[in-house]
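The values are calculated or read from the model by the stated rules, or taken from the named source; none is laboratory data. This is a predicted model, so every value here is computed, not measured. Methodologically, a virtual Cβ is constructed for each residue, glycine included, from the backbone with ideal geometry; neighbour enumeration extends over all protein chains shown.
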Amino acid sequence: LTPKKLAGTRILVTAGPTQEEIDPVRFVSNHSSGKMGYAIARQARLRGAQVTLVTGPCAIAPPYGVEVVRVQSAAAMREAVLARLDQIDVVVKAAAVADYRPKVRAGQKVKKGAEEIVIELEKNPDILGELGRLKGKQVLVGFAAETDDLVANAKAKLTRKNLDLIVANDVSQEGAGFNVDTNIAKLLFADGRLEDVPLTGKQELAGIILDRIEQLRKAG
Ligand code: C5P
């Protein structure tokens, strides 16, 4: 049985992709399955935490006993997270937030006809960056999915977004990243420590991340 080490801790986890609508039937998104975030929500709940899961559209069932807030776009995810920030001790941002969204959303289905069409994209708000600026006593944990210069890129994000911990995974490696049940990660801490987590199940990695969060909460 998992000891209830996070009893009394309020954790908000974001998970899954966001979808940015082009018109009523089309959207821009990515391959995130939500598995990593759902695993964190589940393991946090097993450790006794009070868990809110803010989730983009995912095909998997949410874990038992967590509050589920369903959102579609990055803008909606931002609203849902910011509205709850005051009542939260730990934020884990496992969601693969779309970096860009269509500049305009057509009110009607875009008709087929032209040989070429252009969809202009504009930048979405960086939710985690904003949380880093607003951060009070919360522990902030981010993810970094990279295909090159894993550690350097993750370190830069850790600093830029004012995080306590970043979980970096090289999504070009087999067994890591999107839509699989396993992951390979490096945990980078604000104090410069780096921990390697070789190929393991997402549930196990979630447990390791929560153990580290518990230590950060004790130290802070
Ligand atoms: O996209 P990027 O590599 O910067 O993502 C790093 C972290 O920032 C992830 O934890 C992701 O959930 C978060 N993020 C966010 N809002 C964005 C982009 C990323 O919260 N618009």
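With respect to the numbered conditions (1) modelled with pLDDT of 95 or more; (2) closer than 29 Å to residue 6 by Cα, which one is the sole condition not fulfilled by residue 109?
(2)
Does residue 89 satisfy the criteria of being away from the ligand (no atom under 16 Å from the Cβ) and farther than 25 Å from residue 122 by Cα?
So residue 89 fits the description; yes.
Taking the stated definitions as given, is residue 162 under 16 Å from residue 145 (Cα atoms) and within 16 Å of the ligand (Cβ to nearest atom)?
no
Return the residues of region 51-100 that are among the small types (Gly, Ala, Ser), assigned to a loop (DSSP other than H, G, I, E, B) and within 15 Å of the chain's Cα centre (by Cα); say none if nothing qualifies.
56, 73, 94, 95, 98
Checking residue 199 against (1) at pLDDT 95 or above; (2) surrounded by fewer than 20 Cβ atoms within 10 Å (Cβ to Cβ); (3) under 22 Å from residue 44 (Cα atoms): exactly one of these is not met. Which one?
(1)
Of these, 153, 169, which one is in contact (Cβ under 8 Å) with a residue 12 or more places away in the chain, within 14 Å of the chain's Cα centre (by Cα), crowded, with 16+ Cβ neighbours inside 10 Å and within 13 Å of the ligand (Cβ to nearest atom)?
Unique residue meeting the criteria: 169.
Looking at (1) in contact with a Leu (Cβ under 8 Å, 6 or more places away or on another chain); (2) at pLDDT 95 or above; (3) surrounded by 15 or more Cβ atoms within 10 Å (Cβ to Cβ), can you tell me which one residue 194 breaks?
All conditions pass for residue 194, except number (3).
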